[in-house]
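Below: one structure, written as structure tokens.
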Amino acid sequence: MLLTFASWLHRTPISLAFQNQVAWLWPTCETIHFAGLALLLGVAGMFDLRLLGFMKRVPISVVKEFMPWALVGFTLNLLTGMIFVISQPAQYFGNPTWWVKVAFLIVAGANAFVFETAYGRRAAAIPAGEDTPMSLKIIAGVSLISWLGVLVAGRFLPFVGAGVGAGL
Amino acid sequence: MEDFLLRLQESDFGVWVSSAPTIFAYPTILMLHTVGLAMIVGPAWVLDVRLLGYGARLPVEALRGAFRIMWIGFFINASTGIALFISEADDKGLKWIFWVKLLTIALALVVTTRLRRTVFGSGVASDVATPKARTLAKASLFLWLGAITAGRLMAYIK
């Protein structure tokens with residue numbers, strides 16, 4: 001099924017358009033992808049460190065004001081990442097390391113969702129200077145580890161597992 | 001020069017980095033280079049946008065710790081960068097874009113140290129950036145973006 005989907009996607013007009021532009025499109029998207037990861041990890045990482053107990057004098061809500069920049073980084077990387085996958089679907093669907101990256105992405109996303117829905121208001125109410133509860137520290141730890149996992153799996157993509165789906 | 005680059009590349013260490021059949025050679029070193037990138041550029045950009053006026057409720061002083069993360073990232077990337085360079089010295093050393101990358105990083109380092117001195121050098125950092133601090137913040141933003149761009153293009157420009 002995956003094979004059918006990959007080869008269908010590979011023949012769609014949008015994929016063909018990307019493939020024909022690959023000479024300049026791919027390096028440009030890669031550059032944006034690396035800048036985006038720095039922005040995302042820089043801002044989200046700062047927020048996680050705050051939840052872990054660093055910068056205690058600053059209210060959590062104030063550090064959270066920077067999160068739109070993390071969202072900018074994430075959006076840039078989602079868009080450029082989709083361009084990579086649409087251009088060369090089999091290269092990604094056939095690579096187990098890509099699925100590890102996707103799994104880390106799902107963990108990071110679910111973790112952020114849990115924070116927003118269940119802990120967001122409680123976190124905002126913690127006065128400056130007070131220690132954060134263990135639940136928030138765990139959420140911050142999961143966030144740091146899963147985003148790092150996304151980066152590591154992404155960087156290992158061309159080296160680990162790339163051969164597995166060569167026939168796909 | 002080229003003879004020297006070739007000898008670097010063909011040294012035991014250079015060959016190990018480029019061709020050892022283990023994930024701990026080239027793939028891990030390259031991965032750490034990206035982790036270091038995030039540790040340098042991420043905090044740098046947070047500080048830059050704050051100095052340019054974004055998130056003004058955040059005391060600039062709270063970002064003093066950013067430099068420690070950046071220096072650790074820089075140490076990681078200088079070490080891994082040297083290892084990566086040795087492994088492909090005869091290729092990368094002859095590319096103009098590689099020297100553009102090094103120049104951009106050198107300028108970014110000068111800007112970063114001056115930014116640190118200007119903003120954090122005398123007691124508690126002011127929450128309103130001086131025009132000089134704003135100029136340095138803009139320079140930092142674009143120089144780190146330039147370093148990333150040049151680094152990426154090293155894989156494409158002959």
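Only residues that are out of contact with any Leu (no Cβ under 6 Å at 6 or more places or on another chain), more than 8 Å from chain B (Cβ to nearest Cβ) and open to solvent by 20 Å² or more (accessible area, probe 1.4 Å) were counted across segment A:27-52, and they come to 4. In segment B:131-157, of all residues being open to solvent by 30 Å² or more (accessible area, probe 1.4 Å) and polar (S, T, N, Q), the one that is farthest from the other protein chains (Cβ to nearest Cβ) corresponds to B:THR135.
Remark: B:SER87 falls outside the filter, which requires a residue to be under 15 Å from the mean Cα position of the chain (by Cα), within 26 Å of B:GLY14 (Cα to Cα) and modelled with pLDDT of 95 or more.
Being open to solvent by 10 Å² or more (accessible area, probe 1.4 Å), at positive phi and within 12 Å of chain B (Cβ to nearest Cβ) is a condition met by no residue of segment A:69-77. Filter segment B:15-31 for residues that are hydrophobic (A, V, I, L, M, F, W, C) and more than 16 Å from A:ARG155 (Cβ to Cβ); which is nearest to the other protein chains (Cβ to nearest Cβ)? Top of the filtered list is B:ALA20. Within the option set B:LEU84, B:LEU143, B:LEU103, B:LEU107, being part of a helix (DSSP H, G or I) and closer than 15 Å to B:LEU47 by Cβ holds for one residue only, B:LEU143.
Could you please let me know if B:VAL128 is more than 14 Å from chain A (Cβ to nearest Cβ) and not charged (D, E, K, R)? Criteria met by B:VAL128.
Once segment B:37-74 is narrowed to residues that are aromatic (Phe, Trp, Tyr) and free of Cβ contacts under 8 Å to residues at least 24 places away in the same chain, the residue that is farthest from the other protein chains (Cβ to nearest Cβ) is B:TRP71. Selection of segment A:110-134 for residues being open to solvent by less than 40 Å² (accessible area, probe 1.4 Å) and either in a helix (DSSP H, G or I) or free of Cβ contacts under 8 Å to residues at least 60 places away in the same chain (or both) yields A:ASN111, A:PHE115, A:GLY120, A:ALA123.
Total residues in segment A:29-80 satisfying the condition of being under 18 Å from A:TRP147 (Cβ atoms), touching a helix residue (DSSP H, G or I) at 6+ places or on another chain (Cβ under 7 Å) and among the hydrophobic types (A, V, I, L, M, F, W, C): the figure is 22. When segment B:100-117 is filtered for residues that are buried (at least 19 other Cβ atoms within 10 Å of the Cβ) and more than 10 Å from the chain's Cα centre (by Cα), the ones remaining, listed by number, are B:VAL111, B:THR112, B:LEU115.
Results for (1) touching a Ser or Thr at 6+ places or on another chain (Cβ under 8 Å); (2) surrounded by 14 or more Cβ atoms within 10 Å (Cβ to Cβ); (3) of a type in the set (Val, Ile, Thr), shown as yes or no for each residue.
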residue	(1), (2), (3)
B:ASP3	no, no, no
B:VAL17	yes, yes, yes
B:LEU30	yes, yes, no
B:THR34	no, yes, yes
B:LEU47	yes, yes, no
B:LEU51	no, yes, no
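The residue that is farthest from B:GLY53 (Cα to Cα), among those in segment B:111-158 that are of a type in the set (D, E, K, R) and in contact (Cβ under 8 Å) with a residue 40 or more places away in the chain, is B:LYS158. Could you grab the pairs with beta carbons closer than 8 Å, sequence gap of 6+ or different chains, first residue in segment A:11-26 and at negative phi, second one of a type in the set (S, T, N, Q) and open to solvent by less than 50 Å² (accessible area, probe 1.4 Å)? Pairs found: A:SER15/A:SER87; A:PHE18/A:SER87; A:GLN19/A:SER87; A:VAL22/A:SER87; A:LEU25/A:SER87; A:TRP26/A:SER87.
The values are calculated or read from the model by the stated rules, or taken from the named source; none is laboratory data. Just so you know, these numbers come straight off a predicted model, no measurement behind them. Note that each Cβ is placed from the backbone with ideal geometry, even for glycine, and that neighbours are counted across all protein chains shown. Note: areas computed on protein heavy atoms with side chains; ligands, DNA, RNA excluded. Shrake-Rupley method; radii C 1.70, N 1.55, O 1.52, S 1.80 Å.
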